[in-house]
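Here the structure comes first, spelled out in structure tokens, and everything after it is commentary.
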Amino acid sequence: MSAAPVLYPAIDLRGGRVVRLRQGDYEQETVYGDDPVAVASSFCEDGATWIHIVDLDAARSGAPVNRPVIAAVAAAVTGRASVQTGGGVRSVDDARALADAGVARVVMGSAAVADPGLVDEVAAIVPVAVGLDHRGGVVAVHGWTAASDLTVARALERYRAATAFVITDIERDGLLEGPDVDGLVEAVALSAAPVIASGGVGGLDDVLALAGIAGLHGIITGRALYEGRLTVAAAVAALGGRS
């Protein structure tokens, strides 16, 4: 019997604040708080052992304006949770700076698609999860604004140095309408590395549906937490105490 998935409560950062974007649209932003450190600490208090951070400013412009915030979060949760961070990780230097800030794993998306060899270089410094954000199985890049020529299925075979894959169904992200269970079942079957599901979790029923995927490693959820549809404590309990 496979282990239950790990919960990854998400903190999306823009201008130092906790926000969520609707399907990645910067014009459709909801602000949920001004203290990311307090949010991360509350997740830990409720049983989370991983925190998933997305630096939306770095993803858009490459400017690491939120890096001090990420370092503060990592310091605050040391000994309780590990931090996984994506958004704007485009070089070895970016990855090294995040590792120095206390990040346990970086997530690379567009840069990994453009230069698969870069994943190997970064993985020599800090563990790498490759972010596969897709529409209909086709990986999107540049902040979800363009389609690549890479499918999720092909990508899962390409990155041998990846310690995990974060798979996001863009059409479900932030909508609370349920995850792509069938697509994730297929991805888990194809991948030699752990798969982390992202996008569409609207409540505890969705967490349980994802927990039913044999071999799924993790579940990222954000908006459902901030809008009171789900708590970290309830999700961790439902997953058998793992987070």
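Values quoted throughout were computed directly from the atomic coordinates according to the rules given, and no laboratory measurement underlies them. Small disclaimer: the values here were computed from a predicted structure and weren't measured. FYI the Cβ positions are ideal-geometry reconstructions off the backbone, even for glycines, and counts take in every protein chain you see.
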Exercise. When DSSP beta bridges are limited to those with both residues in the stretch 6-238, what percentage is antiparallel, rounded to the nearest 5?
Worked result: 30
Problem set entry | Correct option for percent of Cα pairs over 31 Å apart [calculated from the coordinates] among (i) 39; (ii) 49; (iii) 12 | (iii)
Problem set entry | Highest-fluctuation residue, ALA224, ALA189, ALA40 considered, GNM on the chain with Cα pairs under 10 Å | ALA189
Exercise. Simple spin-label model, 7 Å along Cα-to-Cβ: ALA214 to SER42 in nm?
Worked result: 3.9
For this session: Rank these for me by crowding, GLU29, GLU157, going from fewest to most other beta carbons within 10 Å.
Result: GLU157, GLU29
For this session: With springs connecting C-alpha atoms under 10 Å apart, model the chain as a Gaussian network and identify which of ILE167, ILE70, ILE125 has the largest mean-square fluctuation.
Result: ILE125
Exercise. Distance from the Cα centre of the stretch 6-81 to that of the stretch 194-243, in angstrom?
Worked result: 17
Exercise. With the Cα gyration tensor of the stretch 26-117 giving a ≥ b ≥ c as the square roots of its eigenvalues, does the rule (a/c under 1.5 for rounded; else a/b larger than b/c for prolate; else oblate) give rounded, prolate or oblate?
Worked result: oblate
For this session: Pull out a ≥ b ≥ c, the square roots of the eigenvalues of the alpha-carbon gyration tensor of the stretch 57-186, then state rounded if a/c is under 1.5, prolate if not and a/b is larger than b/c, and oblate in the remaining case.
Result: prolate
Seminar exercise, completed: Put in order of increasing Cβ neighbours within 10 Å, starting from the fewest, TYR8, TYR226, TYR26 give TYR26, TYR226, TYR8
